[in-house]
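Throughout, read-outs are computed from the coordinates displayed, never taken from laboratory work. Fair warning: this is a prediction, and the values are worked out from it, not measured in the lab. Here Cβ is always computed from backbone atoms with ideal geometry, including for glycine, and neighbour counts include all displayed protein chains.
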Amino acid sequence: MSTLVQPVPHKLETPSLPQGDSCLVVIFGGTGDLTRRKLIPALFDLACVGCTNRNFRVLGIGRTELTDDDFRSRLREGTATSKDTRNFSDGRWHDFARRLHYLVGDASRSDFFPHLKAKIEELQKQGASKNILFYVSTSASLAPPIVEGLGEAGLARNSQGWTRIILEKPFGRDLNSAQELNEIVSHVFEERSVYRIDHYLGKETVQNIMMFRFGNSIFEPVWNRNYVEYVEITAAETLGVEGRGEFYEETGALRDMVANHMLQLLMLTAMEPPVAFDADTVRGQKEQVLRAIRPMSKDEVAKFTVRGQYGPGKIDGKPVPGYRQEPGVNPNSLTETYAAVEFHVDNWRWAGVPFYVRAGKRLAKPLTEVAVHFKRTPQALFSRNPEDVHHNVIALRIQPNEGIALSFGAKQPGQEMRAIRVDMDFSYHDAFGTDTPAAYETLLLDAMRGDATLFTRRDEVEAEWRIITPIEEAWAQLPPSPFPNYPAGSEGPQAANQLIKYDRFAWRSLQV
Ligand code: BG6
């Protein structure tokens with residue numbers, strides 16, 4: 001007989017790990033930073049915990065002349081020192097490194113692809129899997145020739161296994177270029193084989209937004225305009241552009257963070273409950289949120305957005321240069337390193353609730369969070385001034401110090417009925433330890449298993465650009481901001497405070 005009451009385990013049990021389909025991962029951009037810092041450490045950890053099998057191989061592609069052994073030793077250090085790697089040991093690396101191979105070549109030229117095909121066949125003869133996972137981790141301009149080259153060489157279709165392709169961001173730089181790239185991709189690959197990656201979706205705490213909302217019954221009834229006053233979504237980094245000056249000059253904070261990671265956080269916070277947790281249903285619900293976001297006219301862009309650029313300042317007490325002094329950056333650059341936007345989601349659930357989004361580099365503290373601010377009590381029973389009544393906030397901390405805090409008013413001990421704000425705080429680290437998979441690990445395994453739920457669909461990417469491109473265009477026409485307008489190590493530009501203050505609110509401090 002079944003019982004409705006399940007025993008509560010005293011200890012958390014480690015769920016058994018799923019295995020990805022065996023495959024050959026072909027990485028374009030094999031000598032790049034992302035491969036060294038993220039992709040190889042993620043694949044290494046997956047191999048260590050038994051998520052890959054013996055036919056699993058990696059083929060890196062780059063323009064630098066390297067032997068397989070050179071390639072392996074370059075990657076070893078990145079894996080050994082990565083904060084994402086959980087299982088490093090020399091013995092394990094030795095086993096893993098034997099599966100790493102390298103091919104030199106210029107992937108922007110179509111005559112490279114027959115060589116690639118021959119190399120893949122050679123590896124398969126030596127036992128590599130027939131399933132192929134291409135990973136495009138190159139500069140954005142190389143994605144179209146790579147996709148076309150794969151198509152022309154007959155590498156996009158595979159009669160002996162599956163073929164999938166992961167595309168790294170940036171996925172285009174505006175609506176037109178994203179549509180063009182989507183067209184090229186759709187001529188070569190079926191949409192179900194295309195995995196557009198947004199690594200935020202692989203973060204445990206980002207997936208937990210859905211779990212928190214749809215795996216509990218008490219939050220959903222208040223998750224709407226009747227109870228929520230406004231929502232704040234922050235991604236603050238202390239890092240600067242980290243040697244990526246040239247890339248960043250062409251990108252800026254709006255394209256780099258808001259057009260993808262921040263909109264993903266907004267979608268997960270605002271979406272309707274899906275009827276099932278599968279790729280099409282979840283992505284369909286998310287896309288509905290984008291469709292409901294009010295597009296902005298030029299005047300609205302001037303009113304609802306703020307751009308910032310950091311000048312010299314101090315991070316953790318140490319002096320750091322301003323953005324214009326970074327290598328590869330124009331000394332008169334007008335590229336924004338900070339963007340704040342007030343979005344309006346015009347649907348039944350969220351009408352009238354502003355979503356304030358901010359993302360910036362070289363800010364006072366690293367903090368990524370979604371803070372949902374609830375309306376005040378209708379009556380100020382414990383305060384003379386209604387403005388002094390605390391309002392409840394649910395803060396979903398994505399990183400660091402991952403967790404969830406609910407703030408509420410409690411009675412301050414004493415003879416009077418005075419309220420004081422306190423926090424109920426859940427910490428991932430205290431509950432589960434540090435042994436959680438890195439975002440790229442989760443996403444690579446999902447792609448190997450053919451689960452695209454945490455990847456961005458074609459219509460979703462285009463809908464993201466439909467919101468962002470008018471802002472970029474208006475910024476190009478509006479008078480430039482007086483850059484630099486915030487010192488490194490601060491909370492951002494003053495104008496961003498004005499943006500939210502206009503509605504009588506204030507940003508949460510980054511020092512929480
Ligand atoms: C990347 C951006 O997509 O995300 C970087 O290009 C940014 O500029 C990074 O630093 C932030 O990712 P995370 O996982 O460190 O929050």
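At-a-glance table
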read-out: Sorted peptide list for 55-66, 107-118, criterion being average Cβ within 10 angstrom, highest first; value: 55-66, 107-118
read-out: Fraction of antiparallel bridges per DSSP, the chain only, in percent to nearest 5; value: 60 percent
read-out: Residue-count net charge about L444 - beta-carbon cut-off 13 Å; Lys, Arg +1, Asp, Glu -1; value: -4
read-out: Anchor K361: lysines whose Cα lies under 23 Å away (excluding residues fewer than 8 positions away in-chain); value: K38, K83, K169, K203, K303, K314, K318, K501
read-out: Kirkwood Rh and Cα Rg combined as Rg/Rh, the chain; value: 0.98
read-out: Per-residue Cβ neighbour rank within 10 angstrom, fewest leading, L43, L265, L396; value: L396, L265, L43
read-out: Neighbour-count ranking [beta-carbon atoms within 10 angstrom, fewest first] of T337, T81; value: T81, T337
read-out: Distant-in-sequence amide H partners of N53 (H built 1.01 Å from N, under 5 Å); value: C23
read-out: Compactness index (Cα Rg / 2.2 N^0.38 Å), the stretch 275-356; value: 1.62
read-out: Contact order relative to length of the chain, as percent, for alpha carbon pairs under 8 angstrom and 6 or more apart; value: 17 percent
read-out: Hz values of 3J(HN,Hα) by residue in the stretch 343-353 - Karplus curve (6.51, -1.76, 1.60), Gly and Pro given as x; value: 9, 10, 9, 8, 9, 4, 6, 10, 3, x, 9
